[in-house]
Amino acid sequence: MTFNLTDFMINFLYCFVTNIKIGLLSLAAGFVLGVPFAFALRHQFRVNSLIKMTLALFRSFPVYILMFIVFNKINNDEFLPGYTDYAIRLIAVVVAISVYTTAAVCDATSDCLSHIANKNTAQPYLIVPNVFRIFTLAMMSSSIGAALDVSEAVSYTVRVYESFPDRADRFLLVLGVTIFFAIVQHSLKILVLLLSQLIQRSIQKTS
């Protein structure tokens, strides 16, 4: 078997874009519920106890298991008519990760609202690195889509891995992909840290 490294890298990066899309969609869904939840919790609404129970469930429910529950629920023509099988698999992944992002966005928004209520002019901007951190975790978690054969970076790597007959080649492939994800995650952590430091410096200058 001939292995073309250039083709692999192009296809891998193309599939990695799917990971980014899942992260962005999950973050957007988290904002749709998380921000209203945070505003509601700032007031004495009757539904607040239900919101707190929902958030507690969101924080504790395993995302991987939820993905299969959602997929089995929506994987029929009656629930989502007109959607392709691949779209349904993608929706299941996004919905599952959105459970995490909803709780995380709610926490970040609550902190931001608290700073605003305390009249801290610069502290609310700390929500920016917090949101970026949430997106990073959501994007990295999107690899669970490989279990549903969603065409993202991990599932593509698995397909290439299974086509290699030699164990040494498989090891090098896994090592290379692991290093790639480690570099991406470390780079994003550095970016979040730089954003936090930049905002902290702004806070110190205004205080």
Worksheet entry | Candidate set from segment 80-94 (those that are at pLDDT 80 or above and among the small types (Gly, Ala, Ser)); member that is nearest to PHE68 (Cα to Cα) | ALA92
Worksheet item: When the residues of segment 1-44 are filtered to those that are more than 30 Å from LEU57 (Cβ to Cβ) and hydroxyl-bearing (Ser, Thr, Tyr), which remaining residue is surrounded by the fewest Cβ atoms within 10 Å (Cβ to Cβ)?
Response: THR2
Discussion item. Would you confirm whether or not segment 123-137 contains a residue that is farther than 28 Å from GLY30 by Cα and either in contact with a Leu (Cβ under 7 Å, 6 or more places away or on another chain) or free of Cβ contacts under 8 Å to residues at least 24 places away in the same chain (or both)?
Written reply: no
Discussion item. Can you tell me which condition ILE134 does not meet? The list is (1) touching a helix residue (DSSP H, G or I) at 6+ places or on another chain (Cβ under 8 Å); (2) outside any helix (DSSP H, G or I), and all the others hold.
Written reply: (2)
Worksheet item: surrounded by fewer than 18 Cβ atoms within 10 Å (Cβ to Cβ), at pLDDT 90 or above and under 16 Å from ASN19 (Cα atoms) - does that describe any residue in segment 161-177?
Response: no
Worksheet item: Quick check: anything in segment 90-100 among the hydroxyl-bearing types (Ser, Thr, Tyr), in contact (Cβ under 8 Å) with a residue 12 or more places away in the chain and either part of a loop (DSSP other than H, G, I, E, B) or farther than 30 Å from SER151 by Cα (or both)?
Response: no
Worksheet item: If you take the residues in segment 194-207 that are in contact with a helix residue (DSSP H, G or I) (Cβ under 8 Å, 6 or more places away or on another chain) and of a type in the set (A, V, I, L, M, F, W, C), which one is modelled with the highest pLDDT?
Response: LEU195
Item to complete: Take segment 14-44 and flag every residue that is free of Cβ contacts under 8 Å to residues at least 40 places away in the same chain and under 25 Å from ALA146 (Cβ atoms).
Response: TYR14, VAL17, LYS21, ALA28
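The values are calculated or read from the model by the stated rules, or taken from the named source; none is laboratory data. Since this is a predicted model, take the numbers as computed values, not measurements. Using ideal geometry, Cβ is built from the backbone for each residue, glycine included, and neighbour counts are taken over all protein chains shown.
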